[in-house]
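Only one structure is covered here, and it is reproduced in the block below.
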Amino acid sequence: LAELRERRGVKQTDITPFSQTAASKLEKRKDMKLSTLIEYLDGIGMGLEIRVYPKNAKGTAKAETLLKV
């Protein structure tokens, strides 16, 4: 997350929904709620897309978008 934020040129203090301390802690977490991730990404001007795909499919099995925000 920190790398994404830095590539966008956004400082932790610029992420409106979070304090600098909260943004720092969030960037170090290994897991979090999707709603928190969506809020963080929105704060740095990015969206989220979750795609699903069949693991053992052969041939023309296609990935599908499950969520796009």
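To test your reading of the geometry: what angle, between 0 and 90 degrees and rounded to tens, separates the Cα axis of helix 34-43 from the longest principal axis of the chain? For 34-43 against the chain, the angle is about 60 degrees.
7 Å from Cα along Cα→Cβ at both L4 and E39: what's the point-to-point distance in nm? Between L4 and E39, the label points sit 1.5 nm apart. Nonpolar atom fraction for the chain, defined as the carbon and sulfur part of the 1.4 Å probe accessible area, stands at 50 percent. Per residue, the accessible area of the range 4-48 comes to 70 Å², computed with a 1.4 Å probe over protein heavy atoms only. Computed from the C-beta positions of T65 and E27 and an R0 of 30 Å, the FRET efficiency is 0.70 to the nearest 0.05.
Per residue, what volume in Å³ does the convex hull of the Cα atoms of the chain enclose?
108
Averaging Cα coordinates gives a centre for the range 24-69 and one for the range 1-21; these two points are 18 Å apart.
Between K33, K11, K58, the residue with the greatest mean-square fluctuation in the GNM of the chain (Cα pairs under 10 Å linked by springs) is K58.
The values are calculated or read from the model by the stated rules, or taken from the named source; none is laboratory data. Every value quoted in this text rests on a predicted model; they were computed, and no experiment measured them. Quick reminder, even Gly has a Cβ in these numbers, built from the backbone with ideal geometry, and neighbours come from all protein chains shown. For the accessible areas, the whole protein counts, side chains as well, though only heavy atoms, and no ligand, DNA or RNA atoms are used. Shrake-Rupley method; radii C 1.70, N 1.55, O 1.52, S 1.80 Å.
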